Each structure stands twice: as C-alpha cells, then as structure tokens.
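Asks: Below is the structure I would like to discuss, written out as structure tokens.
The values are calculated or read from the model by the stated rules, or taken from the named source; none is laboratory data. Note that this is a predicted model, so its numbers are computed, not measured. All Cβ positions, glycine included, derive from the backbone under ideal geometry; neighbour counts span all protein chains shown.
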Amino acid sequence: MATRAPSAPTPGTPRGGPRTIDLRDGAGPPAPAPDRRAPRPAPRRPALTRRQAAAAWVDALLGGPLPGRLARWDTPLLTYAVLQGVVLILVVLGLVMVLSSSSVELIDDGISPFSAGRSQAVFAVLGLAAMFVAARLPPRFWRAVALPVLLGALLLEVLVLSPLGVDVGGNRNWVQIGGFRGQPSEFGKLALVLWCAAVLASKQKVLDRPLRVGVPLALGALPVIGVVLVGKDLGTAMVMGLVVFVALFAAGIPLRHLGVVAAAGLLAVVVLASTSNRTGRITAFLAGGGDRQNEGYQAYSGLYALASGGLTGLGLGGSRQKWSWLPEAHNDYIFAIIGEELGLVGTLVVLGLFALFAWCCVRVIRRSRDLFVAVLVAGVMGWVLGQAAVNIGVVVSLLPVIGLPLPFISAGGSALLATLLAVGLVLSCARSSPGAQAALRARPGLVRRSLAVVSRGGHR
C-alpha cells in the first residue's frame, strides 16, 4: 500500500504544523519580554488643587518659576530678554512723548520743534550703547570699581557748587559747560547703588553689628547726599535715601536697625521740607490744592490733562495743556501728557511696563546667590520704581509737587544716560544668574546666524 507523502508547509506556517492556542482559563500567547532599552514614559504629575495653583501663580508674580504651560518659557535668559524689551519700549515711548510735548513751546520760542526730541534721541543712543556694554561686564568688575565710581561722582557733584553750577527752579543741581548742561546727581545715584552693594557684601558676616556696617556705608553715602542737599534738591536726596534703605533691606539688616534708619530719614525730610521754598507747596497740598492761579496751578493743570484724555486719549499730538498751559509738560509732568494723548489705556500701559521692570529685578534677586548682586539689583529697582512712584503720585495729586522726572520717559539727557547705565548693571547680574552663561554660549551669535543664512541661500 502506497504511503502518502507529507504535504509541504504553507507559507507563514511554522514547521511542525500550525500552532494551537489553549484558551482555557484565560490562557493566551506568552507576553513578549519588555525592552529595557526603550525610554520609560515620564510620570504624570498630580493635578494641583486650586489653592496650590493660586500659590504657584502668586509665587510666579513675585519672581518665582512660571507655573503650568508657561513653564516651558521659563529659561535662564527669560529675565534678560524681557528686561531689555521693557526698557526699549519705555525709551521709545519717552522719545515720542518728549517730541510731542515740547514741540509747541519750542516753536513759540523760535526754535526747531525737533530740537528737544533730537537731543533726547542722542542721549538715548548713547545710553543704550552704555547699557549693552555694561551688561557684558561681569558683576565682579562693578564690585571692584565701586570706590572709583563713587569718588568720580562726588567730584562731579562738587562742580555744582563751583561757578559752573546753574540754578534751575530754585535748585542748584546742574552744571553748565559750554553748550552742554548736565545733572551730576543722577550719576551720584548710580555711584551710591554700587557703593552700598560693595560695602554690604563685604560686611556680610557682621550685618547685625550696626557700627561695623554703618560707618563705612555712611562714609560714602553721606557726602553724596549732602552735596545734593546743599544744592537744595530735596527730591533727588529723597531718592538717594530710598536707595540706601532698600539696599539695607535687601542685605538682611535686622528690622530694629532698619526702623532707626527709617525714622532718621523721615525726620530729616520733615526738617528739610520746612524751608521757605517748599512750605508753600506743602501747605497748598494739605489745603486741598491751594489757589488754582498760584501754588496749585501746576497740579490742577496736570489733573485737567488727565481728565480730558478719557479712556483712549485725544491722540498723539492732540494735547491742549501743552500749549503753554501746563508747566514742565515735557519733563516732570509728562505723565499727564501721556494721559491726555493716550488716555487711561496709555497710562496703564506705562504702569504695566514698570511692573514688568520690577518683576524682572525680583527674579534676578531671587535667583542670585551673591549678596552683591542682590543688593545692587535691589538698589536700582528702588531708584527707578521709587522715583516713578513719586513722579506719578505728584501728577495725580497724591503728593505735593516735587521736581522729579519720570525714569526713561521724561526729557533729560543725563538722567536717561545714568538710568540706562544702571539697567546695564542689572542686565550684567541677569547674565551671571545660574544657567544664563551656558545658555548664552549655546546660542549662536548674530553674525554666525547671518552667515548661516547667506550660505544656505548660496547653495539653493
């Protein structure tokens, strides 16, 4: 009997015939062995409660890490980039508003309507160049030159008391050299910031001993502030005192010592404000504004400008108060012109930009491990925000009239140059924050990116 040859296996059938699968008791094919080389999925973070989410947002507003989906933007260079953008916007806004608020009176004086704007633009270019150069110098350089900068600023301030000094508005705080007029006290603020940061950083281990800290700090601060007071510029002296107080607070001086410093400062302000050229302003302020045709004229004109602006303003160039109705429209009261031409929206934008400036400074302070950096950035923040708060408070009649310009925006070349140089110090500290240097080295430069684009275009 002939035997039947086994048939050839069909393609895809394993040798030995088809494999059977036992489905009893849920049995199935054996599971494949896990690949240990495959990346494991990231563990999911537990969802935050509402209280935790609110706390995370509050911490972010106070300079902490960004929460939620914004965390991917929280890079080491975020503060560096945002601060540059905020300052550039404020400077450009200032150039536009100086040109708008000064052109009418310049035409009336027979001068080119662009002269004030052109002068401000020149100092803006010089200040921005100085800011970018200062940003690329490390904080250790600024700590080393604190004493020479202080001596140089003090020498410039003493020139105010020489025949080169000029009286403006009852204050002798200007120097006239040929066709150039400058305010040395603006650079005195910068020198004071550097001096406070250098002294407090060097006395870090003895901050609880007032004499060990106060004597060297006073040796540099009192002459700078004293020369300003001799020139009867109380507003600038108040800003300098605020810089010293903020620096002491940022350094961690005990609160009982800070209380003594604050009480002494307030007593000095009360005594100095009681002089004859300031008593009228204070009396008019306490009396609800005073006579609208005398002491209260400037304050009421500023309020009229803000009120006539409404929500969106009269448009750029549409101000009525700048037609010789509002004194110092391009300088101390430029915020009123912003409110009149750009409305409430424009004033809120300005306030928001200064809030962003404060946020950037706080981030640099919180991320730094160097006391010199923390005190330096805190001093600049106190200078800029304190002066802005006083200026805006005067315009909205929350404070008596004090001659202080609005940082970055008011007309004044020396003030703009010194303020931008101070921002350069903050940018220098931001570049030295943890992770920033590595990010800057990993980022290709402008020239390298441009060459890469040109080379790609040539191979097309």
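Asks: When the residues of the stretch 393-429 are filtered to those that are farther than 17 Å from D233 by Cβ and touching a Pro at 6+ places or on another chain (Cβ under 7 Å), which remaining residue is surrounded by the most Cβ atoms within 10 Å (Cβ to Cβ)?
Replies: Here the answer is C429.
Asks: State all residues of the stretch 225-261 that are more than 26 Å from D370 (Cα to Cα) and in a helix (DSSP H, G or I); if no residue qualifies, say none.
Replies: Just the residues of the stretch 225-261 that are more than 26 Å from D370 (Cα to Cα), to begin with: 225-238, 260.
Within the stretch 225-261, I225, G226, V227, V228, L229, V230, L234, G235, T236, A237, M238, V260 qualify.
Asks: For the stretch 426-437, state whether one or more residues are closer than 27 Å to A305 by Cβ, hydrophobic (A, V, I, L, M, F, W, C) and over 16 Å from the mean Cα position of the chain (by Cα). Before the answer, list the steps.
Replies: Here is the first cut: in the stretch 426-437, the ones closer than 27 Å to A305 by Cβ are none.
Scanning the stretch 426-437 turns up no residue that is closer than 27 Å to A305 by Cβ, hydrophobic (A, V, I, L, M, F, W, C) and over 16 Å from the mean Cα position of the chain (by Cα).
Asks: Next question, about the same structure. May I ask you to say which residue of R136, R118 is touching a residue at least 60 places away in the same chain (Cβ under 8 Å) and among the basic types (K, R)? Give the derivation first.
Replies: Numbers: R118 fails: touching a residue at least 60 places away in the same chain (Cβ under 8 Å).
Just one listed residue meets the conditions, R136.
Asks: Right, K189: under 22 Å from the mean Cα position of the chain (by Cα), in a helix (DSSP H, G or I) and either at pLDDT below 90 or among the basic types (K, R) (or both) or not? Talk me through it step by step, then tell me what you get.
Replies: Values: under 22 Å from the mean Cα position of the chain (by Cα): yes; in a helix (DSSP H, G or I): yes; either at pLDDT below 90 or among the basic types (K, R) (or both): yes.
In short, yes.
Asks: Let me ask something additional. Taking the criterion of being at pLDDT below 70 and either part of a helix (DSSP H, G or I) or of a type in the set (S, T, Y) (or both), would at least one residue in the stretch 75-94 satisfy it?
Replies: no
Asks: Let me ask something else. May I ask you to list the residues in the stretch 47-74 that are modelled with pLDDT under 80, hydrophobic (A, V, I, L, M, F, W, C) and assigned to a loop (DSSP other than H, G, I, E, B)?
Replies: Once the filter is applied, which keeps residues that are modelled with pLDDT under 80, hydrophobic (A, V, I, L, M, F, W, C) and assigned to a loop (DSSP other than H, G, I, E, B), the stretch 47-74 yields A47, L48, L62.
Asks: Could you list, in sequence order, all residues of the stretch 142-160 that are touching a helix residue (DSSP H, G or I) at 6+ places or on another chain (Cβ under 9 Å) and without any contact (Cβ under 8 Å) to a residue 40 or more places away in the chain? If you could, list the steps in order and put the result at the bottom.
Replies: Residues of the stretch 142-160 that are touching a helix residue (DSSP H, G or I) at 6+ places or on another chain (Cβ under 9 Å), as a first pass: 142-147, 149-160.
Hits for the stretch 142-160 are A144, L151, G152, L155, L156, L159.
Asks: Looking only at residues that are within 24 Å of R441 (Cα to Cα) and of a type in the set (S, T, N, Q) in the stretch 61-117, which one is surrounded by the fewest Cβ atoms within 10 Å (Cβ to Cβ)?
Replies: T75
Asks: When you go through (1) closer than 21 Å to V423 by Cβ; (2) touching a strand residue (DSSP E or B) at 6+ places or on another chain (Cβ under 8 Å) one by one for L161, which number turns out not to apply?
Replies: That leaves (1) as the condition not met.
Asks: Next question, about the same structure. Considering the stretch 95-114 alone, what residues qualify as being part of a helix (DSSP H, G or I), over 14 Å from W325 (Cα atoms) and small (G, A, S)?
Replies: S100
Asks: Of the residues S368, S319, only one is of a type in the set (S, T, N, Q) and buried (at least 23 other Cβ atoms within 10 Å of the Cβ); which?
Replies: Values: S368 fails: buried (at least 23 other Cβ atoms within 10 Å of the Cβ).
None of the other options fit; the residue is S319.
Asks: Can you tell which of G231, G280 is touching a residue at least 24 places away in the same chain (Cβ under 8 Å) and surrounded by 13 or more Cβ atoms within 10 Å (Cβ to Cβ)?
Replies: Details: G280 fails: touching a residue at least 24 places away in the same chain (Cβ under 8 Å).
Sole residue among the options that is touching a residue at least 24 places away in the same chain (Cβ under 8 Å) and surrounded by 13 or more Cβ atoms within 10 Å (Cβ to Cβ): G231.
Asks: Out of curiosity, is T347 hydroxyl-bearing (S, T, Y) and either part of a loop (DSSP other than H, G, I, E, B) or over 19 Å from L88 (Cα atoms) (or both)?
Replies: So T347 fails the test.
Asks: What's the number of the condition A247 fails, among (1) modelled with pLDDT under 90; (2) closer than 30 Å to P210 by Cα; (3) surrounded by 20 or more Cβ atoms within 10 Å (Cβ to Cβ)?
Replies: (1)
Asks: Which residue is modelled with the lowest pLDDT, if the candidates are limited to the stretch 263-274 and must be within 20 Å of L404 (Cβ to Cβ), assigned to a helix (DSSP H, G or I) and not β-branched (V, I, T)?
Replies: Only one residue fits best here, namely A273.
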